[in-house]
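Trainee: Mind having a look at this structure? Questions to follow.
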Amino acid sequence: MKRKILVSIVLIVSTLLVVIVSGLYSMEIEDHYGDLQQIYFDSKSGDIIVNRQTQKFGVITKNWKRADVITKENDNLDLYELVYINQIENKYEVFRSEKELKIKELTFDKIVELKEKKLLETVIKN
């Protein structure tokens, strides 16, 4: 009887701990990315993000807490730095490719061409 009670308490505490930690994780992502949290959750490392207004682009690299963008110039930018220019959200699009694309070989025109040939799949677009 005591063992059942102990197991029940451990399961309840474990479940509560998981719920609290996942809630705090979601809050951290929402606090940091705000409107861009959809990019964080829906993109994968290796996806290409393009700022359609400035024609700047890069490859998304993600870890458990942040999503950074590596540009052709080898800049390591936060998503905000690529999407927001002068604190105004620019039009952006995130693409995914079956093949691994090398950032050094890409240009904005090449990305548009790959999209038209349906070699790039749109993941997110605003």
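Trainee: Could you list all residues from segment 99-116 that are in contact (Cβ under 8 Å) with a residue 12 or more places away in the chain, assigned to a loop (DSSP other than H, G, I, E, B) and either polar (S, T, N, Q) or open to solvent by 80 Å² or more (accessible area, probe 1.4 Å) (or both)?
Mentor: Within segment 99-116, LYS99, GLU100 qualify.
Trainee: Out of everything in segment 61-84 that is in contact (Cβ under 8 Å) with a residue 24 or more places away in the chain and of a type outside the set (Ser, Thr, Tyr), what residue ends up being farthest from ILE29 (Cα to Cα)?
Mentor: LYS72
Trainee: Let me ask something else. Taking into account only those residues within segment 117-126 that are of a type outside the set (A, V, I, L, M, F, W, C) and in a strand (DSSP E or B), which is least open to solvent (accessible area, probe 1.4 Å)?
Mentor: Among those that are of a type outside the set (A, V, I, L, M, F, W, C) and in a strand (DSSP E or B), it is THR122.
Trainee: Specify the residue that is most open to solvent (accessible area, probe 1.4 Å); the eligible residues are those in segment 37-59 that are within 8 Å of the chain's Cα centre (by Cα) and closer than 16 Å to LYS99 by Cα.
Mentor: Among those residues, the one meeting the criterion is LYS44.
Trainee: On to the next question. Would you pick out the residues in segment 25-36 that are among the hydrophobic types (A, V, I, L, M, F, W, C) and either open to solvent by 100 Å² or more (accessible area, probe 1.4 Å) or over 24 Å from ALA67 (Cβ atoms) (or both)?
Mentor: MET27
Trainee: Can you say whether SER14 is under 21 Å from ILE124 (Cβ atoms) and either in contact with a Phe, Trp or Tyr (Cβ under 7 Å, 6 or more places away or on another chain) or surrounded by 10 or more Cβ atoms within 10 Å (Cβ to Cβ) (or both), as far as the supplied structure shows?
Mentor: no
Trainee: Can you pull out every residue in segment 60-81 that is β-branched (Val, Ile, Thr) and open to solvent by 30 Å² or more (accessible area, probe 1.4 Å)?
Mentor: Of everything in segment 60-81, those that are β-branched (Val, Ile, Thr) and open to solvent by 30 Å² or more (accessible area, probe 1.4 Å) turn out to be THR61, ILE70.
Trainee: Taking the residues in segment 82-98 that are outside any loop (DSSP other than H, G, I, E, B) and more than 12 Å from PHE57 (Cα to Cα) as candidates, determine which candidate is most open to solvent (accessible area, probe 1.4 Å).
Mentor: Among those residues, the one meeting the criterion is ILE88.
The values are calculated or read from the model by the stated rules, or taken from the named source; none is laboratory data. In this text the structure is predicted, and so the values were computed from the model without any measurement. Glycine also receives a Cβ, built like all others from the backbone with ideal geometry; neighbour counts cover every protein chain displayed. Heads up: the accessible areas ignore ligands, DNA and RNA and are worked out on the full protein's heavy atoms, side chains in. Shrake-Rupley method; radii C 1.70, N 1.55, O 1.52, S 1.80 Å.
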